[in-house]
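S.K.: Take this structure, written in structure tokens, and hold onto it; I'll ask about it next.
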Amino acid sequence: MTKLTLPSWSFSSLMVFETCPYRTKLERLDKVPDNTPRPAADRGTQIHQEAEDYVTGKGQLTHNLRHFNDDLAALNTHRAASRVVCEEEWGFNRNWEVAPWRTAWLRLKCDVVCQLTNDHIAVIDFKTGKRFGNELKHAQQLQLYALCTLLRY
């Protein structure tokens, strides 16, 4: 019997695997579609798109973003100075070297990468889920992003 392995991983796919390896097999290896309605995820996708549109200058500040006006305005200032990239895809090989996204062992998609100064990079991941109860998971994701930022820059 051949042991199937995943060619790549991301933080979110690792979280799914740690919760339910069988779900990972069904989704990633067997390609079984999951048509479960996910209203919270759909809301998060909508707000994420609104934030990206605002930061890139393609949209206005929406009601959903009202609590982040100052932060998003600061990102707009950095964007105007060409220091912001949205939805940047980072890939790394098994030796933790920068690699092409399509062939990478580890894949990250950064919501916003902002070069604050020549020596300071901010990587931002928009969060819209539960405010409490996800602190550990979010901290682990930020640690991975910090490590990958250090390796890239």
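S.K.: For the stretch 85-94, just list the computed ³J(HN,Hα) in residue order, Karplus coefficients 6.51, -1.76 and 1.60, θ = phi - 60°, integers in Hz, with x standing in for Gly and Pro.
M.R.: For the stretch 85-94, the Karplus-derived couplings read 10, 9, 6, 6, 9, 10, x, 9, 8, 5 Hz, x marking Gly and Pro.
S.K.: How large is ³J(HN,Hα), in whole Hz, for each residue of the stretch 18-31 in order, when computed from phi with the Karplus curve 6.51 cos²θ - 1.76 cosθ + 1.60 and θ = phi - 60°, using x for Gly and Pro?
M.R.: So the J values, rounded to whole Hz, are 5, 7, 7, x, 5, 4, 4, 4, 4, 6, 8, 9, 7, 6.
S.K.: Quick one: which residues, 5 or more positions from Ala99 or on another chain, have an amide H under 5 Å from its amide H? H modelled 1.01 Å from N in the peptide plane, none for Pro or chain starts.
M.R.: It is Gly91, Phe92, Asn93, by chain and number.
S.K.: Mean-square fluctuation check for the chain, GNM, Cα pairs under 10 Å: which of Asp34, Asp42, Asp71 is largest?
M.R.: Looking only at Asp34, Asp42, Asp71, the largest GNM fluctuation is found for Asp34.
S.K.: Then there is this: Hey, got a sec? Which GluC sites (Glu not before Pro) in the stretch 49-153 land in a DSSP loop and have at most 14 other Cβ atoms within 10 Å?
M.R.: Glu97
S.K.: Could you give me the ³J(HN,Hα) list for the stretch 5-10, computed from phi with Karplus coefficients 6.51, -1.76, 1.60 and θ = phi - 60°, whole Hz, x at Gly and Pro?
M.R.: In residue order, the calculated couplings are 10, 7, x, 8, 8, 9 Hz.
S.K.: With the Cα gyration tensor of the chain giving a ≥ b ≥ c as the square roots of its eigenvalues, does the rule (a/c under 1.5 for rounded; else a/b larger than b/c for prolate; else oblate) give rounded, prolate or oblate?
M.R.: Oblate.
S.K.: On average, how much accessible surface per residue is there in the chain, in Å², for a 1.4 Å probe, leaving out ligands, DNA and RNA? Numbers along the way, then the final one.
M.R.: On the way: 10680 Å² over 153 residues.
Per-residue accessible area for the chain comes out at 70 Å².
S.K.: Can you pull out the trypsin sites (Lys or Arg not before Pro) in the stretch 51-115 that DSSP calls coil and that have at most 16 other Cβ atoms within 10 Å?
M.R.: Answer by residue number: Lys58, Arg83, Arg94.
The values are calculated or read from the model by the stated rules, or taken from the named source; none is laboratory data. It should be emphasised that the depicted structure is a prediction, and the values quoted were computed from it without experimental measurement. Here Cβ is always computed from backbone atoms with ideal geometry, including for glycine, and neighbour counts include all displayed protein chains. To get the accessible areas, we keep the full protein, side chains included, count just its heavy atoms, and leave off ligands, DNA and RNA. Shrake-Rupley method; radii C 1.70, N 1.55, O 1.52, S 1.80 Å.
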